[in-house]
Amino acid sequence: MRSERRPMTCRHCGKEFTARVILQVDYGRPEDREANLTDGSLFAYRCPHCGEEMHFNHYLLWVDEGHTVAVCNITCEEEKKAVDEALSALVAFGKDSRIRRRFVSSPARLCEKAQIFSQGLDDRTVEVIKLYMAEEVRRAHPQKTVTDALFFPDNEDFGILFLCPDGNLSVKVTREQFDAVCSRFAFSEPSPEVVDGAWAIAYLTGGKSC
Ligand SMILES: [Zn+2]
């Protein structure tokens with residue numbers, strides 16, 4: 001893992017401390033696979049003075065085991081330059097230069113993308129499935145308000161968790177359903193660097209390619 005030590009100020013007691021901030025997790029390196037993307041610990045820091053645990057949203061690049069895709073959580077557009085440098089370094093060490101990239105803007109989305117790609121799935125297909133499933137959820141539960149939808153792995157299959165203020169709903173998706181959507185759309189490379197719900201709506205209404 002690539003990291004740097006950064007000065008921080010505790011939001012609780014106001015005192016300063018230094019924390020190790022993880023900047024890059026490369027699943028192509030066995031030692032990096034210990035990094036837990038799902039529990040939020042890569043963005044969590046504990047104040048040594050008062051013990052308060054805090055979460056900071058910061059730049060973090062995740063690269064999959066086969067170096068086919070890189071997902072970066074960024075907090076501003078300028079941080080995209082750091083991704084170029086990081087991926088150039090991987091290529092310089094003999095890795096594949098055709099690394100797909102995705103940009104996200106929250107730790108939850110970084111975790112979601114890493115889980116999607118770790119299962120060998122295509123995130124474009126997942127985003128299209130989310131839209132279809134959301135429509136079904138709205139039909140079945142017209143009283144519910146869906147605020148967001150998140151992928152979650154479920155053994156060989158997966159599910160979509162629909163976040164609703166009055167109680168979340170989850171829908172299971174089989175690999176057969178995924179494959180059916182995948183073959184219907186036949187997404188190709190190069191693919192966009194941002195793939196989210198807005199991308200899926202634009203794609204389905206004919207606004208974008210790939
Ligand atoms: Zn503190």
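Dipole magnitude for the stretch 113-203: about 280 debye, using +1 per Lys or Arg Cβ and -1 per Asp or Glu Cβ, origin at the Cα centre. Placing unit charges on each Cβ (+1 for Lys and Arg, -1 for Asp and Glu) gives the chain a dipole about its Cα centre, and among 90, 200, 56 the Cα reaching farthest toward its positive end belongs to 56.
Beta carbons within 10 angstrom, averaged per residue: use that to sort the peptides 31-40, 67-76, highest first. Walk me through the numbers on the way to the answer.
On the way: 31-40: 13.1, 67-76: 19.0.
The densest-packed peptide leads the list: 67-76, 31-40.
Shape class of the stretch 2-118 from the Cα gyration tensor (axes a ≥ b ≥ c, square roots of the eigenvalues): prolate, since a/c reaches 1.5 or more and a/b is larger than b/c. Evaluated at q = 0.11 Å⁻¹, the base-10 log of the normalised Debye intensity for the chain, with identical point scatterers placed on the Cα atoms, takes the values -0.60. Extension gain for the segment residue 202 to residue 16, taken as residue separation times 0.36 nm less the Cα-Cα distance, is 62.5 nm to one decimal. Applied to the stretch 186-196, the Karplus parametrisation 6.51 cos²θ - 1.76 cosθ + 1.60 on θ = phi - 60° returns per-residue 3J(HN,Hα) values of 6, 5, 10, 9, x, 10, x, 7, 10, 10, 9 Hz, with x for Gly and Pro.
FRET efficiency for residue 78 and residue 193, Cβ-Cβ distance as r, R0 = 22 Å, nearest 0.05?
E(calc), rounded to 0.05, equals 0.90.
The label point for residue 49 and the one for residue 88, both projected 7 Å from the Cα toward the Cβ, are 4.0 nm apart.
So for the stretch 2-118, averaging the separation of alpha carbon pairs under 8 Å that are six or more residues apart and normalising by length, what relative contact order in percent results?
Here the relative contact order equals 21 percent.
A simple spin-label model places the labels of residue 33 and residue 164 3.8 nm from each other, with each point 7 Å out along Cα-to-Cβ. Amide H to amide H, with H built 1.01 Å from N, residue 52 comes under 5 Å of 47, counting only residues 5 or more places away or on other chains.
Within the stretch 1-59, the chymotrypsin sites (Phe, Trp or Tyr not before Pro) that combine a DSSP coil assignment with at most 15 other C-beta atoms in a 10 angstrom radius are 56. As an exercise, use a Förster radius of 25 Å and the Cβ-Cβ distance of residue 140 and residue 183 to find the FRET efficiency, rounded to the nearest 0.05. With a Förster radius of 25 Å, E is 0.45. If you find the alpha carbon centre of the stretch 1-77 and of the stretch 135-210, how far apart are they in angstrom? Spelled out, the Cα-based centre of one part sits 27 Å from the other. Using θ = phi - 60° in the Karplus curve 6.51 cos²θ - 1.76 cosθ + 1.60, the 3J(HN,Hα) couplings for the stretch 141-156 round to 10, x, 7, 8, 10, 8, 9, 6, 9, 10, 5, 9, x, 9, 6, 6 Hz; x is entered for Gly and Pro. Electrostatic bookkeeping for residue 157 treats Lys and Arg as +1 and Asp and Glu as -1; over the other residues with beta carbon under 14 Å from its beta carbon, the sum is -2.
From least to most packed, judged by other beta carbons within 10 angstrom and beginning with the fewest, 65, 4, 127 follow the order 4, 65, 127. Among the listed pairs 144/172; 15/80; 80/130; 15/81, which are separated by more than 25 Å between their Cα atoms? From the list (144/172; 15/80; 80/130; 15/81), the Cα-Cα distance tops 25 Å for 15/80; 80/130; 15/81. The charge dipole of the chain, taken about its Cα centre with unit charges on the Cβ atoms of Lys, Arg (+1), Asp and Glu (-1) only, comes to about 340 debye.
Each value in this text was obtained by applying a stated rule to the coordinates, not by laboratory testing. Keep in mind it's a predicted model, so treat the numbers as computed, not measured. Cβ: placed from backbone, ideal geometry, glycine included. Neighbour counts: every protein chain shown.
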